[in-house]
Amino acid sequence: MIIKSKKFVLKLEEILKEGLPTEKYNEFEKFVLELVKKWHNGDSFFVHHTSGSTGKPKAIKISREKIEYSARATMEYIDPNRQIRSSLLCLNPNFIGGAMVIYRGLIFDHDISIVPPSTAYNADLEDNYDLVSIAPLQFEQMSSSQIDRFGTILIGGAPMPVSGKPYKSNVYSTFGMTETVSHFALRKLENDIFYTTGDTVVGISNDQSLKLKGTITGGNWLNTNDLIELIDDRSFKWIGRKDFIINTGGIKVNPEQVEQVLQDQFKADIMITSLPDAKLNQKIVLLSSGEHQEIDFSHLPKYHQPKEVYFNQAIYRTKTNKVDRVKTKSAFENQ
């Protein structure tokens, strides 16, 4: 295993050597190297933070056994013939999506190239890579030639629309959270059905939201706030977050699905939210961080169409590049 950046190339034995000078590394590089050492020291637990997109960020303590199981479940799904030998880290390894790049590399002996995480995809790549984990915002900024430099791309952290565009690479949208040690289900970007990895099974709880059970949950059912269409106990279609659903005129609208329909019309960030309304209870409004522009709502059902549009709005993001809906709505309502 080799870890390299533009400044250094280090073999695993060099990283583990006593007295490795750290003053020449930035905080991102130091974190990666320390995580490698902790894994090889046999640490039993590792702490990673939730993104904070649906509430206050919190620290989650994850066992070594669950990390290893999650890594193996993913690799058995995307690489059953063990062809993957290199990966790129361009996410923050403080969070589980970025950390799993390192854990998978350690368990499966991948060479890892690291570039500083950014909301923009700014990696000046000299090589092709077998595997990368990336955020939707980064993926949307990649050119076709950049996408083709990867054998497999895992996109996680926020919903991705189904794409009719063919890719040379294997491109997956992932589904999971810190509590499930990264993703527990994957779907090809051109498909709308998620399939679970490992021994994870899914169902619908009493409040009609997704629940899951498997090794990554300690064999116990874990309830989520995600609304799904259940296909069977190993596959499902995602509808939206229960806590974000807007009830307008008795019609329940998923803001994330509306955003997916409209996003192609914008270069700026957008967010669908609501305001109180005497007639509808809640009226749908669209916030955009960009300048005024014409918008075509004709592809949306009547009750899904925004009643008002506000431009030049602050759309806040979490440290993992998810839209911070709570903070954005609060700032909008209090301006």
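Cβ-Cβ distances below 6 Å connect the following pairs, each with a first residue in segment 219-241 that is closer than 22 Å to TYR69 by Cβ, a second residue that is part of a loop (DSSP other than H, G, I, E, B), and a separation of six or more residues or different chains: ASN223/SER205; SER235/ILE193. For segment 269-328, a tally of residues being in contact (Cβ under 8 Å) with a residue 12 or more places away in the chain and in a strand (DSSP E or B) returns 20. Answer yes or no as to whether PRO159 is within 20 Å of ASP264 (Cβ to Cβ) and more than 15 Å from the chain's Cα centre (by Cα). No, not satisfied. Considering only residues in segment 133-154 that are buried (at least 22 other Cβ atoms within 10 Å of the Cβ) and of a type in the set (A, V, I, L, M, F, W, C), the one that is nearest to THR318 (Cα to Cα) turns out to be ALA135.
May I ask you to verify whether LYS322 is under 20 Å from the mean Cα position of the chain (by Cα) and outside the structural domain of LYS56 (by TED's automatic domain parsing)? Criteria met by LYS322. Listed here are the strands (runs of 3 or more DSSP E) enclosed by segment 172-240 that have at least 3 residues being over 23 Å from VAL258 (Cα atoms) and more than 16 Å from the chain's Cα centre (by Cα): 201-204, 209-213, 222-232.
Restricting attention to segment 172-218, which residues are among the hydrophobic types (A, V, I, L, M, F, W, C) and closer than 11 Å to SER70 by Cβ? Scanning segment 172-218 gives VAL181, PHE184, ILE216.
The criterion of at least 3 residues that are in the same structural domain as SER182 (by TED's automatic domain parsing) and surrounded by 21 or more Cβ atoms within 10 Å (Cβ to Cβ) is met by the following strands (runs of 3 or more DSSP E) wholly inside segment 24-124: 86-89, 111-114.
In segment 200-213, how many residues are crowded, with 21+ Cβ neighbours inside 10 Å, of a type outside the set (Val, Ile, Thr) and over 15 Å from THR178 (Cα atoms)?
Going residue by residue through segment 200-213, those that are crowded, with 21+ Cβ neighbours inside 10 Å are 200, 202, 210, 212.
With of a type outside the set (Val, Ile, Thr) added as a condition, the list becomes 210, 212.
Of the ones still in play, those that are also over 15 Å from THR178 (Cα atoms) are 210.
Looking only at that region, the number is 1.
Restricting the first member to segment 89-114 and to residues that are touching a residue at least 40 places away in the same chain (Cβ under 8 Å), and the second to residues that are part of a helix (DSSP H, G or I) and of a type outside the set (A, V, I, L, M, F, W, C), the beta-carbon pairs closer than 6 Å and six or more apart or on different chains are LEU91/GLY97; LEU91/GLY98; ASN92/GLY98; ILE96/THR178; ILE112/GLY105. Of the residues making up segment 214-228, those that are of a type outside the set (A, V, I, L, M), buried (at least 17 other Cβ atoms within 10 Å of the Cβ) and closer than 14 Å to MET177 by Cα are THR217, THR224, ASP226.
The values are calculated or read from the model by the stated rules, or taken from the named source; none is laboratory data. Because the structure is a prediction, the values reported are computed rather than measured. Positions of Cβ are backbone-derived with ideal geometry, glycine not excepted, and every protein chain shown enters the neighbour counts.
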